[in-house]
Structures are given as C-alpha cells and as structure tokens.
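Trainee: Here you go, one structure.
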Amino acid sequence: MDVIIARSMKTYQHKVVVHWGDTDPARIVFYPNYFEWFDQSTRLFFDSVGLQWEKLMEKYGISGLPIVEAKARFLAPCMFGNEIVIETQISEWSDKTFKVSHVVLNRGIRAVEGYEIRAWTQHRPEDPNRLKVISIPPEIRTAFE
C-alpha cells in the first residue's frame, strides 16, 4: 500500500466551547468528547471544501467514511468554560484510506493531538450488510490541496 504524505495541507479550524456536560467531576473534558469533536471537525472540513457527505454518498455510491483507527494523546487539560480550537488536516492518503490529523489548542497551548484513519467504502453487492473498501477518486484528494 502506497502512502502519500499530503503536500500543501489545508487546515480547518473548528471552535468548541466546553460545556458542563462535556466534563468529568473534576471539570476536565471527559476524553470521549474529543473523539466526537474530531468526527465533527472532519465532516465540517469536508463541507468547507464543497464535499458534503450526503453528496459524496449520492455521487460516488459510497456508504460512508468509517473510522478504522483512532488515537489521541492528551498533553494539557481542557476545562469547563474553555473555548478550544480544533485544527484539522488530512495528513496522509493511501489508495483506499486517509489519515485526518487533529490538534486541540486551548488558549494557544497544544492540549490534545489525535488522528483518525478513515476508509472510502461501499456496500458489498452480494451482502449489503457488509462494506468493502474501494479506491478514493483523485478529485477528492485535489479538493484538499
């Protein structure tokens, strides 16, 4: 599998205000919320370059962009009331998957680093309950350059 490191990476910024319900009893963001925000930021990034997921599904017959791997590293806490910024980039492409990298900034401090690896998939014709990974069209990569 050839991996292509993105040349000039567009970056999308997604602002989030940390609400009471986003935190644990110590008022620190409960870690699964970062993955929800990463997911939101990825979708909004696609929207920002004119690739709304509903239109992708219709045009390319894909079933979605499921996550096949996700990871986060927590460097500094984000607390109730903080306004954080999630910076999102597509940092790597392969034929059938891509890596979306995220950095969470809290008052300019790098608080969290994470990524998702997502696959370009369709339903299998012989079994619509299962997915198959297919090649990503070149114009999708081009939209992020």
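Trainee: What translational D, rounded to a whole number of µm²/s, comes out for the stretch 29-76 from Stokes-Einstein when the hydrodynamic radius is the Kirkwood one over Cα pairs, at 37 °C and 0.692 mPa s?
Mentor: Approximately 265 µm²/s, per Stokes-Einstein.
Trainee: On to the next question. For the stretch 103-145, with equal point scatterers placed on the C-alpha atoms only and solvent neglected, what are the log10 I(q)/I(0) values from the Debye formula at q = 0.16, 0.19, 0.35 1/Å, to two decimals?
Mentor: -0.68, -0.76, -1.10
Trainee: How would you classify the stretch 1-81 from its alpha-carbon gyration tensor, with a ≥ b ≥ c the square roots of the eigenvalues: rounded for a/c under 1.5, else prolate if a/b is greater than b/c, otherwise oblate?
Mentor: Taking the square roots of the gyration eigenvalues as a ≥ b ≥ c, the stretch 1-81 is prolate.
Trainee: Just list whichever of 10/99; 15/59; 10/132; 15/55 have alpha carbons separated by over 23 Å in the model shown.
Mentor: 15/59; 10/132; 15/55
Trainee: Let me ask something additional. Counting only heavy atoms of the protein chains, get the accessible area per residue of the chain (1.4 Å probe) and round it to a whole Å² value.
Mentor: About 57 Å² of surface per residue is accessible.
Trainee: Any idea which of 111, 19, 68 is furthest toward the positive side of the dipole for the chain, if Lys and Arg beta-carbons carry +1 and Asp and Glu beta-carbons -1?
Mentor: Comparing the listed Cα positions along the dipole, 111 ranks first.
Trainee: A further question follows. I need to check one value: relative contact order of the chain, counting alpha carbon pairs closer than 8 Å and at least 6 residues apart, in percent.
Mentor: Once normalised by length, the contact order is 29 percent.
Trainee: Tell me the GluC sites (Glu not before Pro) within the stretch 51-138 that lie in a loop according to DSSP and have at most 12 other beta-carbon atoms within 10 Å.
Mentor: Hits after loop and neighbour filter: 126.
Trainee: Turning to a different aspect of this structure: Quick check: at a probe of 1.4 Å, how many percent of the accessible area of the chain sits on carbon and sulfur atoms?
Mentor: The computed percentage sits at 53.
Trainee: Another question, then. Label points 7 Å out from Cα along the Cβ direction at residue 122 and residue 96: separation in nm?
Mentor: Reported label-point gap for residue 122 and residue 96 is 1.2 nm.
Trainee: Of all the C-alpha pairs in the chain, what % are more than 20 Å from each other?
Mentor: 50
The values are calculated or read from the model by the stated rules, or taken from the named source; none is laboratory data. Model, not experiment: these values are computed from the prediction. Glycine also receives a Cβ, built like all others from the backbone with ideal geometry; neighbour counts cover every protein chain displayed. Please note that ligands, DNA and RNA were not included when accessible areas were found on the heavy atoms of the full protein model with its side chains. Shrake-Rupley method; radii C 1.70, N 1.55, O 1.52, S 1.80 Å.
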